[in-house]
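Trainee: Structure provided below as structure tokens; questions to follow.
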């Protein structure tokens with residue numbers, strides 16, 4: 001589902017960046033002998049999409065080469081312009097002794113679309129998403145204040161999370177924050193840090209960020225797997241979630257809906273972390289081993305079999321991608337998913353710290369007061385009490 | 001608090017170990033993009 005969403009999003013962005021309109025009629029090129037005309041050049045300058053098959057496919061034909069005994073016969077079936085066109089459209093038969101498919105691609109114009117996306121919409125919308133989330137939380141805090149514990153603190157505590165659960169949580173949290181910050185440095189360093197602190201500083205910072213980003217990723221993936229195994233069972237939606245949602249989780253208003261170990265809001269956070277984090281991890285591994293684990297052509301091929309891209313007007317998605325284009329699309333997807341998850345996690349950090357009294361203790365010491373537990377996870381508290389009562393020896 | 005610090009320490013240990021292991025098994029990007037005709041070692 002995420003990849004389908006990405007395919008739609010990517011195509012829309014590309015169309016915004018590069019293809020404002022489509023030229024409908026094929027121009028008469030007889031005056032130039034079939035080569036580009038002035039109107040072709042003007043159309044390209046206006047970023048109109050033109051049918052370039054007259055150039056793309058005009059790459060000569062070895063079978064039409066004249067015998068070598070004839071005039072110019074030794075030149076073969078492709079002229080120099082034919083060969084340059086083949087290089088420009090990455091269809092030339094290039095052989096290299098090192099570097100594989102990547103090195104055999106000499107011109108890769110998909111890089112411009114990626115660059116325009118990364119320098120434009122990704123920075124703009126991604127940056128505003130994070131700032132907007134922070135702003136919304138500040139406004140919410142000013143309006144709602146800190147959610148307190150109703151009634152007296154009992155002084156009796158109950159174990160909310162075991163050590164191994166807290167260990168995995170903090171490993172995931174710490175690694176995600178490091179990955180988020182270093183990812184933002186890499187994306188915004190050139191426009192945000194370099195002008196302020198200079199080339200030397202930016203260079204050292206980004207080289208360090210790259211090391212941290214590449215190597216901390218494994219801790220993130222390990223912790224993601226740990227919380228999936230430990231908490232997935234507790235996060236399966238059930239009927240109590242409907243009540244929780246109807247009462248806005250007690251966040252708005254004064255009611256305290258019953259909940260098990262995790263309430264509906266926490267389940268949304270959990271599955272967001274698993275789905276978005278999982279997608280970030282998969283695309284991240286693809287980027288960690290450049291060109292070795294390409295994902296996008298396979299994903300697009302699968303989407304094409306569903307007919308979905310055509311249904312939403314995107315046509316057939318390209319499945320013959322240059323190795324570089326695979327990495328460009330993967331990087332774009334990785335960043336989009338990361339921005340969405342960062343916004344969600346900022347909200348999670350807010351509610352787990354300044355937003356709610358007593359919430360931090362659950363992950364800090366692992367022990368929460370019974371009054372807090374009763375207010376936020378009443379069904380879970382009753383279950384825990386019943387369990388400990390059953391373990392007590394009969395008097 | 002101790003568990004939190006243990007989680008953070010694990011991140012550092014895993015990061016250093018990952019860097020070492022990937023380097024040892026030849027996953028440096030320069031080596032992956034190289035070929036038999038390119039000598040990267042010994043300052044060549």
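Trainee: Name every residue in segment A:262-314 that is over 26 Å from residue A:238 (Cβ atoms), away from chain B (no Cβ under 14 Å), outside any helix (DSSP H, G or I) and in contact (Cβ under 8 Å) with a residue 60 or more places away in the chain, in order of residue number.
Mentor: Of everything in segment A:262-314, those that are over 26 Å from residue A:238 (Cβ atoms), away from chain B (no Cβ under 14 Å), outside any helix (DSSP H, G or I) and in contact (Cβ under 8 Å) with a residue 60 or more places away in the chain turn out to be A:312, A:314.
Trainee: In addition: Name the single residue, out of those in segment B:1-25 being surrounded by 10 or more Cβ atoms within 10 Å (Cβ to Cβ) and at pLDDT below 90, that is nearest to the other protein chains (Cβ to nearest Cβ).
Mentor: B:22
Trainee: Right, something else. Against the condition over 32 Å from the mean Cα position of the chain (by Cα), in contact (Cβ under 8 Å) with a residue 60 or more places away in the chain and outside any helix (DSSP H, G or I), how does residue A:154 come out, does it pass?
Mentor: yes
Trainee: Touching a strand residue (DSSP E or B) at 6+ places or on another chain (Cβ under 9 Å), farther than 23 Å from residue A:319 by Cα and free of Cβ contacts under 8 Å to residues at least 40 places away in the same chain: does that describe residue A:43?
Mentor: So residue A:43 passes the test.
Trainee: Listed residues A:100, A:127, A:135; which is over 12 Å from residue A:332 (Cβ atoms) and within 14 Å of chain B (Cβ to nearest Cβ)?
Mentor: One residue alone meets the criteria, A:100.
Trainee: Step by step: first the residues of segment A:132-157, then only those that are under 20 Å from residue A:387 (Cα atoms) and surrounded by 11 or more Cβ atoms within 10 Å (Cβ to Cβ), then the one that is modelled with the lowest pLDDT. Which residue is that?
Mentor: This residue is A:154.
Trainee: Within segment A:201-232, take every residue that is more than 13 Å from chain B (Cβ to nearest Cβ) and farther than 21 Å from residue A:281 by Cβ and give me the one that is farthest from the chain's Cα centre (by Cα).
Mentor: Selected residue: A:201.
Trainee: Among the residues that make up segment A:218-237, is at least one of them over 19 Å from residue B:11 (Cβ atoms), in a loop (DSSP other than H, G, I, E, B) and modelled with pLDDT of 90 or more?
Mentor: Scanning segment A:218-237 turns up at least one residue that is over 19 Å from residue B:11 (Cβ atoms), in a loop (DSSP other than H, G, I, E, B) and modelled with pLDDT of 90 or more.
Yes/no per residue for (1) assigned by TED's automatic domain parsing to the domain that holds residue A:327; (2) in a loop (DSSP other than H, G, I, E, B); (3) surrounded by fewer than 16 Cβ atoms within 10 Å (Cβ to Cβ):
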position: A:63; (1), (2), (3): no, no, yes
position: A:67; (1), (2), (3): no, yes, yes
position: A:70; (1), (2), (3): no, yes, yes
position: A:85; (1), (2), (3): no, no, no
position: A:95; (1), (2), (3): no, yes, yes
position: A:117; (1), (2), (3): yes, no, no
position: A:121; (1), (2), (3): yes, no, no
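Trainee: Looking at (1) within 14 Å of chain B (Cβ to nearest Cβ); (2) loosely packed, with under 14 Cβ neighbours inside 10 Å, which is the only condition residue A:160 fails?
Mentor: So the condition that residue A:160 fails would be (2).
The values are calculated or read from the model by the stated rules, or taken from the named source; none is laboratory data. From a predicted model like this one, the values you see are computed outputs, not experimental measurements. With ideal geometry, Cβ positions are generated from the backbone for all residues, glycine too; neighbour counts draw on all protein chains shown.
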